[in-house]
Amino acid sequence: MNHYLTYIALSVGVLIIAVLAIGSLSSLEIVLFAGILASILLYLVFKAQAASRQVEELHRLQAAYDQLDQQAKLVIRTDLELHRIQEELDRRLASLMSLHQLGRQLQVSLQPDEVYAKLDASVVTNFGFSTGLLGLCASMETVEWRSLVGVNPDAADRIKRHLESQQLLKELLTHPLPMLLDESRASSPAQQELLRLLGMPSAVVAGILPHSGPTGCLVLGRTGGRGTNPKADEELVAILANQLASAVENSALYEETWGSKRELERKVQVRTRELAEANAALVQLNKSKSDFVSAVSHELRTPLAAIKGYASLLYSGQFGKLSAPQAERIAKIEKHADLLTQLITNLLDIARIESGRITMEHQVIPVGEFFPVVHDLVHPQMDAKHLRYQVDTDGVKELVGDPQHLQRVFVNLLSNAVKYTPDGGVIRVGLKRENGSVIATVSDTGCGIPPDDVPKLFQEFYRANDPINQQVRGTGLGLALVKRIVEAHHGKIAVASEHGKGSTFTVTLPAA
Amino acid sequence: MKADAFRAGKEAAERALAQGAFANARLALVFGSSWFDQSALLQGVRRVLGEVPLAGESTAGEITAEGPASHSCVVVLISARTASWGLGVGDAVDRQPRDAGHQAAHAAMQQLRITPRNGFLVFGDGLVTSYAEVVRGFQEILGTGALIVGGMAGDDGRFASTSQYADDRVLHRSVIGVLFGGAVRMGASSHHGFAPISKPRRITRAKANILYELDGQPAAAVYREYFGSEAVDRMQRDGLTRQGIAYPLGIQAESGKEWWLRNVVSFGQDGSLACSGEVPEQAWLQLMIGSRDLALEAARHAAQQAIRSLNHISCVLVFDSVVRRTLLGAQQAAQEIVQIRQTIGLSVPIGGCYTYGEQVPSESESIVNRTAVQTSSVLVVAIGT
């Protein structure tokens, strides 16, 4: 409309000028002028119409522009909501990731103190908080901070005193779930003061509550408000507190187990040391015993030789003819003197072997020569009982050791076999090579050894409680000496016996 | 915390040293998490590097060759063979910004007596909003030839206190400048990747960083028109959130091709908006919108342009807005660093931090002396020959 008025005003102006000018013009000039005037007026009318269309167009553009701006507002608000959800999701994701990582770290925390040092800045920020305090509570009234994030020590100390003095600590240690504190919501003056000391408008506080009882507390402060989903925050912090509580419990259990193990190890070490000392004392005692036996035996041999000598002289009749009872008594003296001499010899040998005064020779002994000699020594006794004697060398050609002492071993074993095998029985000697050793067995078909006697068989002066032993005198040192000689060869001896069926003695000797 | 800080500083310095054989004299640029005890952090760095010149700042996150990091420390070493420098400190940047600029630039010039002066790398308190004045102070001393770029210190999103490092000192409310000269050259470029979404509004009343009126209406009322009252109330209550920073204010440069971004940092009782940088009266203002794709593209462009004038690149510094890290999210933020590294070359040492503001080079003739205060952008600075 304004444009029309402009063009009308212009047209009127042009007409006024034309009227004023017409009076001084010729007819031709008037026609020419009128033509020009008409053209101008037509042009102005045309322009006025074009301007009108442009204005309408401009209005349409303006409206479209405003519509676009309105749409932009809608886009922004929709996008804003998406951002809000995305932000919330990102935060939850970061919290969960942090929980996961923390869980892995806590799994390897071996002491409760270590657990309380795990709250660091990344955990606090990933949970969407700005400050964090984690403390150890020795009782319901005291807390000692172990981790501080975004809080200086002075402020932490003020918060500690406030928690302890205002029953707040007791409240959160007896509260099963985290508590949300917000300065914009109604809460107790003590809670409001805690927020003031934290310098935060909102916070979440939680107790670390393992099954064994409250052990600590967690305070997390946030610069912003309560967040869009305080319930979810509460649940996340509850999970965190539970995770810490489990870790505290596990580490305490570990510490207890570890402590018990260490105590057990210590006790084992003490007992081992005591046993080693006792063993050393026994070794020393045994040596003293051997030395004593050795010394006493030496001292006994000389008078015994004299007794035996004089008994022989008496028996030979050099000092006058003996009556039959006298000769019988003198013969008993000789017999017992022989037994005593054998006993003393065996005792001396055992003592010498134990004290290391006898060194076993290391000779190759041909089997073909060795066992016939041994057999010769027991042959009369075998024959007297009509025993069969069998040797199976299984291709073993030689033994390695001290010929004299090994001879005593097998003579002893064969003598025992003869003693316990009834008339007409069988005695077998077997040899075989196995894993770098020669295994020799002496078996009989005798009465066997009672099971109770088997473990004690190689003890000194032990004699099995059987009828034969009651009839036959022995020193009780034969098998003890055999064992010592075999062990001095770095070998071992064992016995297997079945009552009523016989016994087998097995001697294992190094083959080289 | 002290022990952690010392260890973090020491390990970062050891890593930096292990990356190359450096000559005796070198410059250490340090970016440390604000969660650490700052003095202990520097002690850890200096335990390894000795009494080397040191400049740096606390961060809102750190940038390493491996990607974005938090609660860590990054050390970048610049060898004396490749660079000559002077280091200056300006105090009380919040109260006397122009004087602080004079002070820092003058001290740096005193140390670097050679010409030409090719670049001024700036670290400043990210909570201060008067960097346009500080830059004027720099330029009154250095002239308009030197490129002035840098990033403003952060404090991991707490907006309470940031730190600046100069040798063994931890400073606040200060600005640190490192003036490079001689053979060393500096290339820098910044992009933000935000595009206008609202219709332009004329800034009819503003002073410094406070925006009072748009088209004659209270600025906060216009802001509410777009965001809705509920969202604005939430922003006022919760502080700077992703929702707020996703839509920075864009001030159109006179060329019409660039927008200087400002975040709204607080709401005034009188309906005004406090912004993260200066707001010029009579300029056109639009609300901007960003997307992850545009943000990644901006990083690639910035890296391309930063290195294009250099023959040899010694190292690259990245100052990336904390806004962008939040906008991008963890995965895309890591992708951003990968893109920058792929552009500059994977063998080039890289370090940097997430900032509260960027001092960026401008292509606009209308921006005084080729430098402008920016937010929500990524600044890539290449140092070389």
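Among the residues in segment B:334-346, are any closer than 14 Å to B:GLY187 by Cα, within 20 Å of the chain's Cα centre (by Cα) and surrounded by fewer than 23 Cβ atoms within 10 Å (Cβ to Cβ)? Looking for residues that are closer than 14 Å to B:GLY187 by Cα, within 20 Å of the chain's Cα centre (by Cα) and surrounded by fewer than 23 Cβ atoms within 10 Å (Cβ to Cβ), one finds at least one in segment B:334-346, hence yes. Cβ-Cβ distances below 8 Å connect the following pairs, each with a first residue in segment A:55-77 that is within 10 Å of chain B (Cβ to nearest Cβ), a second residue that is in a helix (DSSP H, G or I) and open to solvent by less than 100 Å² (accessible area, probe 1.4 Å), and a separation of six or more residues or different chains: A:ALA72/B:TYR226; A:LYS73/B:GLU225; A:LYS73/B:TYR226; A:ILE76/B:TYR226; A:ILE76/B:PHE227; A:ARG77/B:TYR226; A:ARG77/B:PHE227; A:ARG77/B:ALA231.
The rows are residues; the columns are (1) of a type outside the set (Gly, Ala, Ser); (2) within 13 Å of another protein chain (Cβ to nearest Cβ); (3) closer than 22 Å to A:ASP90 by Cβ.
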| residue | (1), (2), (3) |
| --- | --- |
| B:GLN217 | yes, no, no |
| B:GLU225 | yes, yes, no |
| B:GLU230 | yes, yes, yes |
| B:ALA246 | no, yes, yes |
| B:ALA253 | no, no, no |
| B:TRP259 | yes, no, no |
| B:ASN263 | yes, no, yes |
| B:PHE267 | yes, no, no |
| B:TRP284 | yes, no, no |
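The condition (being within 28 Å of A:GLU88 (Cα to Cα) and among the β-branched types (Val, Ile, Thr)) is satisfied by just one residue among B:ILE383, B:ILE313, B:ILE289, B:ILE350: B:ILE289. If you check A:LEU102, A:LEU136, A:LEU119 for being at pLDDT 85 or above, within 27 Å of A:GLY199 (Cβ to Cβ) and either more than 10 Å from chain B (Cβ to nearest Cβ) or open to solvent by less than 80 Å² (accessible area, probe 1.4 Å) (or both), only one passes: A:LEU136.
Please tell me if A:PRO201 is at pLDDT below 90, open to solvent by less than 70 Å² (accessible area, probe 1.4 Å), under 27 Å from A:TRP145 (Cα atoms) and away from chain B (no Cβ under 14 Å). Criteria not met by A:PRO201. Pairing each residue of segment B:289-317 that is farther than 18 Å from A:GLN86 by Cα with any residue that is of a type in the set (Lys, Arg), provided the two are 6+ apart or on different chains, yields C-beta distances under 8 Å for B:SER309/B:ARG185; B:LEU310/B:ARG185.
Here A:LEU89 meets each of (1) under 28 Å from A:GLU235 (Cβ atoms); (2) facing chain B (nearest Cβ under 8 Å); (3) open to solvent by 90 Å² or more (accessible area, probe 1.4 Å) with one exception, condition (2).
Only one entry of B:GLN103, B:GLN96, B:GLN111 meets the criterion of being surrounded by fewer than 20 Cβ atoms within 10 Å (Cβ to Cβ), touching a strand residue (DSSP E or B) at 6+ places or on another chain (Cβ under 7 Å) and closer than 30 Å to B:ASP37 by Cβ, and that entry is B:GLN111. Taking the criterion of being hydroxyl-bearing (Ser, Thr, Tyr) and open to solvent by less than 50 Å² (accessible area, probe 1.4 Å), would at least one residue in segment B:303-313 satisfy it? There is no residue in segment B:303-313 that is hydroxyl-bearing (Ser, Thr, Tyr) and open to solvent by less than 50 Å² (accessible area, probe 1.4 Å).
Would you mind finding the one in B:GLY193, B:GLY126 that is open to solvent by 10 Å² or more (accessible area, probe 1.4 Å) and modelled with pLDDT under 90?
On the way: B:GLY126 fails: modelled with pLDDT under 90.
Selected residue: B:GLY193, the only one of B:GLY193, B:GLY126 that is open to solvent by 10 Å² or more (accessible area, probe 1.4 Å) and modelled with pLDDT under 90.
B:ILE141 meets each of the listed conditions (1) in contact with a strand residue (DSSP E or B) (Cβ under 6 Å, 6 or more places away or on another chain); (2) of a type in the set (Val, Ile, Thr); (3) outside any loop (DSSP other than H, G, I, E, B) apart from (1). Only a single item in (1) open to solvent by less than 60 Å² (accessible area, probe 1.4 Å); (2) farther than 20 Å from A:LEU477 by Cα is not met by A:GLN269, and it is number (1). For segment B:371-385, the set of residues classified as within 26 Å of B:ARG26 (Cβ to Cβ) and either in contact with a Ser or Thr (Cβ under 6 Å, 6 or more places away or on another chain) or modelled with pLDDT of 90 or more (or both) consists of B:LEU379, B:VAL380, B:VAL381, B:ALA382, B:ILE383, B:GLY384, listed by residue number.
Within segment A:366-393, the residues that satisfy the criterion of being assigned to a strand (DSSP E or B) and open to solvent by 60 Å² or more (accessible area, probe 1.4 Å) are A:ARG388, A:GLN390, A:VAL391, A:ASP392.
Each residue in segment A:487-512 was checked for being more than 17 Å from A:VAL426 (Cα to Cα) and touching a Leu at 6+ places or on another chain (Cβ under 7 Å), and 4 of them qualify.
To keep it simple, each residue is scored yes or no on (1) open to solvent by 70 Å² or more (accessible area, probe 1.4 Å); (2) within 29 Å of A:VAL411 (Cα to Cα).
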{"position": "A:LYS308", "(1), (2)": "no, yes"}
{"position": "A:ALA311", "(1), (2)": "no, yes"}
{"position": "A:PHE319", "(1), (2)": "yes, no"}
{"position": "A:ARG329", "(1), (2)": "yes, no"}
{"position": "A:LEU339", "(1), (2)": "no, yes"}
{"position": "A:GLN342", "(1), (2)": "yes, yes"}
{"position": "A:ASP349", "(1), (2)": "no, yes"}
{"position": "A:ILE353", "(1), (2)": "no, yes"}
{"position": "A:ILE358", "(1), (2)": "no, yes"}
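Within the bounds of segment A:281-295, is there any residue that is under 48 Å from the mean Cα position of the chain (by Cα) and farther than 27 Å from A:ASN346 by Cα? The answer is no, given that none of the residues of segment A:281-295 is under 48 Å from the mean Cα position of the chain (by Cα) and farther than 27 Å from A:ASN346 by Cα. Scanning segment B:140-161 for residues that are open to solvent by less than 20 Å² (accessible area, probe 1.4 Å) and within 14 Å of chain A (Cβ to nearest Cβ) gives B:GLY154, B:ASP155.
Identify the residue in segment B:53-93 that is assigned to a loop (DSSP other than H, G, I, E, B) and at pLDDT below 90 and, among all such residues, is surrounded by the most Cβ atoms within 10 Å (Cβ to Cβ). Once the filter is applied, the top-ranked residue is B:ALA83. Please state which one of B:SER272, B:SER198, B:SER291 is of a type outside the set (D, E, K, R), within 10 Å of chain A (Cβ to nearest Cβ) and open to solvent by less than 40 Å² (accessible area, probe 1.4 Å). So the residue among B:SER272, B:SER198, B:SER291 that is of a type outside the set (D, E, K, R), within 10 Å of chain A (Cβ to nearest Cβ) and open to solvent by less than 40 Å² (accessible area, probe 1.4 Å) is B:SER198. The residues of segment A:142-194 that are part of a loop (DSSP other than H, G, I, E, B) and either within 14 Å of chain B (Cβ to nearest Cβ) or closer than 20 Å to A:TYR116 by Cβ (or both), listed by number, are A:THR142, A:VAL143, A:GLY150, A:VAL151, A:ASN152, A:HIS175, A:PRO178, A:GLU183, A:SER184, A:ARG185. For beta carbons closer than 8 Å, sequence separation of 6+ or different chains, a first residue in segment B:97-115 that is in contact (Cβ under 8 Å) with a residue 40 or more places away in the chain and a second that is of a type in the set (A, V, I, L, M, F, W, C) and surrounded by fewer than 19 Cβ atoms within 10 Å (Cβ to Cβ), the qualifying pairs are B:ALA100/B:ALA92. If you go through segment A:361-391 and pick out every residue that is among the small types (Gly, Ala, Ser) and more than 16 Å from A:ILE427 (Cα to Cα), you end up with 1. Residues that are surrounded by fewer than 14 Cβ atoms within 10 Å (Cβ to Cβ) number at least 2 in the following helices (runs of 4 or more DSSP H) confined to segment A:402-512: A:467-471. Annotation note: Cβ proximity below 8 Å between a residue of segment B:122-136 that is assigned to a loop (DSSP other than H, G, I, E, B) and a residue that is surrounded by fewer than 24 Cβ atoms within 10 Å (Cβ to Cβ) and of a type in the set (A, V, I, L, M) (sequence gap 6+ or interchain) occurs for B:THR129/B:ALA208; B:THR129/B:VAL265; B:THR129/B:ALA274; B:SER130/B:ALA208.
The values are calculated or read from the model by the stated rules, or taken from the named source; none is laboratory data. As the structure is a prediction and not an experimental result, all values here were calculated from the model. Cβ atoms come from the backbone with ideal geometry, glycine included; neighbour counts cover every protein chain shown. Keep in mind that these areas ignore ligands, DNA and RNA; they rest on the heavy atoms of the full protein, side chains included. Shrake-Rupley method; radii C 1.70, N 1.55, O 1.52, S 1.80 Å.
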